[in-house]
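Data first, discussion second: the structure below is written as structure tokens.
Nothing in this text is a laboratory measurement; each read-out follows from the coordinates by a stated rule. Small disclaimer: the values here were computed from a predicted structure and weren't measured. Counting neighbours? That spans all protein chains shown, and the Cβs are built from the backbone with ideal geometry, glycine included.
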Amino acid sequence: MMRNAQGLPLKMVVLGSRDQTCVNAKVNRLRSGELNDKCRDMVAAADHADKFGAAAQSEHSCSYYRKGMGPLTTRIAQQPMDIEDLVADGKAVNDCPYFASRQMLPGADIVFAPYNYLVDVAIRRSMKLDEHVRGSVVIVDEAHNIEGVARDAASFERTVDVLMAASKEFNALAQQGPSEEVCEGSRQVCDVLRGLTTWIDDQADKPARVFRGPEVLALWDGAGVCINDESVQTLVGVRAQMDEAFRLMGNSKKSPLSSALASTVDGLLQTLGFLTAEHGRFARDFRVTVTQEFVVAKRRREAQLNVWCLNPAVAFRTLAGGPHAARSIVLTSGTLSPLPALASELGVEFKHQLELMHVVNVDKQVFARVLPRVGRELLDSSYKNAERGEYVDALGQAVLHIMRGVPGGVLLFASSYASVDRLQARWTATGVWAQMEALKPISVEPKGGGAEFDRAVAEYRRNAATAAGAMFLAVFRGKLSEGIDFVDDMCRAVLVLGLPFPSVKDLKVAEKKQYQDERVRAFAQAPKQQHLAPLSGNEWYVQQAYRALNQAIGRVIRHVHDYGCIVFLDQRFMQRDVVEGLSKWVRGAVRPAGSLGELMDGMEDFFKDRRPAAMAAVAAVAAVAAVAAAPARASEADVATASEGSAAEDDGDSDVVLVEEM
Ligand code: SF4
């Protein structure tokens with residue numbers, strides 16, 4: 001256990017959402033907003049029973065809830081625990097992990113939390129984390145997403161129906177609120193919501209337009225919706241007063257606002273706060289538009305208000321400067337590079353930057369190859385080629401052969417869920433899917449997270465632990481490529497299908513690219529500190545692709561003794577400038593494979609050196625599968641020779657850190 005300067009044990013606490021920590025089986029499968037509402041009701045019922053001496057627990061209260069310190073808080077104080085321990089211990093002692101960890105927060109020396117808890121001002125405030133952040137050392141692990149998280153923290157997207165539902169709730173409160181204070185506050189919030197929904201309806205009937213921040217503020221003003229620095233701060237204060245009024249009234253007058261709609265309004269006010277802050281200093285970093293979005297639950301399209309912050313520095317500066325600034329911020333990840341670009345995006349100067357060696361011997365532990373073609377078919381997953389049947393068939397043959405040669409798990413990354421569907425459909429139709437499944441059971445990454453995703457991961461783990469191994473068909477930027485640790489046999493190969501550029505059809509991506517180009521032009525006219533030199537739109541766009549790609553290939557090595565293959569199934573990786581974008585640790589190890597046969601021979605040698613026993617098992621499994629369905633192995637004569645010299649010098653380095661002192 002770590003100790004402080006006085007030799008006393010350091011107190012630590014892990015924070016998580018109700019989704020992650022609720023142990024009440026009656027409610028913990030509800031969706032996030034419903035769970036929050038239900039929990040609040042049950043806690044209010046428990047407090048009420050406690051206050052008025054009713055039976056200690058009723059069917060309306062949660063039996064895990066403790067108003068003060070409970071048995072779990074004692075355990076948290078005695079030993080370090082991660083979120084899984086917290087939940088397991090909470091179940092064991094019948095105490096709620098969500099509230100127990102919050103009870104322990106004030107005295108904690110070390111706080112573990114998802115990093116959006118720090119970047120998102122509303123969450124930070126509601127969790128009372130400001131006090132912890134001020135003057136502290138903040139370490140952001142896996143910080144490669146910090147730029148996107150910071151942009152999202154200052155942005156807002158909701159359909160007009162959700163805003164109208166919020167408007168109705170606040171209107172009802174304005175009519176029949178429990179106090180004059182609440183009625184007046186609700187009236188003010190309701191006026192803004194009504195004004196905005198009318199404006200959205202009006203826009204929905206016109207050709208789509210994207211407005212810049214200052215332009216939309218003027219338009220709203222002209223439409224009678226007064227949104228400026230002062231009015232937004234007043235509304236934020238009003239909301240805080242309303243919540244406090246409900247809290248003081250206790251259960252008998254508990255807030256009739258649903259938590260989903262209350263947080264919608266708070267999220268809107270937070271974004272409007274950034275948009276109007278310091279008399280519109282950051283307004284030019286925002287774009288506002290109304291789009292038509294398909295709502296799955298309603299099976300129809302609805303108008304949606306989008307207020308996009310394109311500059312991550314707008315939210316990040318609240319962590320790096322101002323009254324609640326951290327003393328030091330350390331960002332770490334294997335995929336932060338290029339470091340100057342990240343510093344420029346976040347708008348801070350990092351005085352210390354480190355790029356560390358990878359812990360493994362890349363030459364011995366990583367087999368990285370580019371396969372540019374199968375037979376005469378070029379492997380190229382670029383937009384124009386990706387749907388060609390011949391290409392998908394050639395890809396299927398390559399994947400099938402690789403599956404045969406890999407002992408253990410294989411992760412295959414495609415650029416989108418649509419490509420995954422396309423591959424699965426074609427391979428099923430041609431019978432290749434069945435041949436693949438005869439070799440290794442296949443799991444497919446479902447859209448979104450949740451229970452379905454957890455089930456798919458559990459299924460894959462079970463199958464990958466067998467002698468045959470398993471394959472997971474996943475997407476770049478999906479949960480699997482970023483947040484899941486597959487060590488050893490859980491992942492012996494990562495297969496890369498192309499470069500995962502964000503969709504150019506995505507309006508937000510297009511706006512961000514244009515915004516970056518404008519920043520470059522503005523910077524050229526009035527150069528400031530060089531560390532703030534912005535990326536061009538195209539540089540930013542390419543960087544997004546490489547961050548996602550480098551995250552995915554990082555799945556193959558998870559500890560110092562781990563080893564595995566990375567196969568780039570795309571001829572574009574034959575080009576030196578394309579390989580240059582890969583993480584430093586792998587860049588130098590990438591070699592061209594002259595043919596599928598050469599790739600398989602190299603892979604066989606690699607695994608033989610690493611694990612002879614497992615290779616015997618793989619051979620046995622492949623032999624059994626071959627009886628069921630065996631396509632001919634790609635002929636050497638069919639396969640063109642790859643060009644030489646695309647591999648860079650092997651320096652074995654790894655991107656790691658970027659630091660600090662504010
Ligand atoms: S008090 Fe805790 S265990 Fe009970 S419903 Fe709320 S989060 Fe779940």
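Its relative contact order, with pairs defined as Cα atoms under 8 Å and 6+ residues apart, puts region 156-311 at 34 percent. When both region 331-391 and region 422-469 are represented by their alpha-carbon centers, they are found 25 Å apart. Taking only the C-alpha atoms of region 366-415, Rg followed by Dmax gives 11.7, 34 Å.
How about LYS298: which lysines have a C-alpha closer than 25 Å to its C-alpha, ignoring those fewer than 8 places off in the same chain? LYS298 reaches LYS38, LYS168, LYS206, LYS447, LYS505, LYS508. Computed across region 12-107, the Kirkwood hydrodynamic radius from all distinct Cα-Cα pairs reaches 13.5 Å.
Taking 7 Å along the Cα-to-C-beta vector as the label spot, tell me the ALA533-CYS183 distance in nanometres, rounded to one decimal. Going from the ALA533 label point to the CYS183 one covers 6.2 nm.
Each peptide in 60-71, 326-337 receives the mean, over its residues, of other Cβ atoms within 10 Å, and ordering these scores from highest gives 326-337, 60-71.
Residues whose amide H lies under 5 Å from that of VAL374, counting only those 5 or more places away or on a different chain, are LEU379; hydrogens are built 1.01 Å from N in the peptide plane.
Putting +1 on Lys and Arg Cβ atoms and -1 on Asp and Glu Cβ atoms, find which of THR159, LEU105, CYS62 reaches farthest to the positive end of the dipole of the chain. Among THR159, LEU105, CYS62, the one farthest towards the positive end of the dipole of the chain is CYS62. A simple spin-label model places pseudo-atoms 7 Å from Cα toward Cβ; at ARG422 and THR74 they are separated by 6.1 nm. Remark: relative contact order (the chain) = 16 percent; criterion is Cα-Cα distance under 8 angstrom and separation of 6 or more residues. The three principal axes of the C-alpha atoms in the chain carry coordinate ranges of 85, 62, 56 Å, sorted with the longest axis first.
With contacts defined as alpha carbon pairs under 8 Å and 6 or more residues apart, what's the relative contact order of region 12-107 in percent?
38
Counting only DSSP beta bridges whose two residues both lie in the chain, roughly 45 percent are antiparallel. Put a plus charge on the Cβ of each Lys and Arg, a minus charge on the Cβ of each Asp and Glu, and nothing anywhere else: the dipole of the chain about its Cα centre is then about 900 debye. Look at LYS11, LYS512, LYS364 and count the other Cβ atoms within 10 Å of each Cβ; fewest to most, that gives LYS364, LYS11, LYS512. Using only Cα atoms, find the angle between the long axis of helix 450-464 and the longest principal axis of the chain, and express it within 0 to 90 degrees, rounded to the nearest 10. Long axis of 450-464 versus the principal axis of the chain: about 30 degrees.
Across the alpha-carbon atoms of region 275-411, the computed radius of gyration and Dmax are 23.7, 63 angstrom. Here the Debye sum runs over all C-alpha atoms of region 156-311 as equal scatterers in vacuum, and log10 of I(q)/I(0) at q = 0.13, 0.20 Å⁻¹ comes out as -0.61, -1.28. Here the 3J(HN,Hα) profile of region 199-213, calculated from phi with Karplus coefficients 6.51, -1.76 and 1.60 at θ = phi - 60°, is 5, 5, 4, 4, 5, 4, 8, 10, x, 4, 9, 10, 9, 7, x Hz, Gly and Pro shown as x. A Cβ-based charge dipole, computed about the Cα centre of region 12-107 with Lys and Arg at +1 and Asp and Glu at -1, lands at about 140 debye. Computed from backbone phi, the HN-Hα couplings of region 535-544 come to 7, 6, x, 5, 4, 4, 4, 5, 4, 4 Hz, rounded to whole numbers (Karplus: 6.51 cos²θ - 1.76 cosθ + 1.60, θ = phi - 60°; Gly and Pro given as x). In this simple spin-label model, placing a label point 7 Å from the Cα along the Cα-to-Cβ direction at both ASN361 and LYS168 gives a separation of 6.8 nm. Here's the list of lysines a cross-link from LYS440 could span, going by alpha-carbon distance under 27 Å and ignoring same-chain residues fewer than 8 apart: LYS364, LYS479, LYS608. Each Lys and Arg Cβ is given +1 and each Asp and Glu Cβ -1; about its Cα centre, region 156-311 then shows a dipole of about 560 debye. Comparing VAL27, PRO80, ALA92 along the charge dipole axis of region 12-107, the residue lying farthest to the positive side is VAL27, per the Cβ-charge model.
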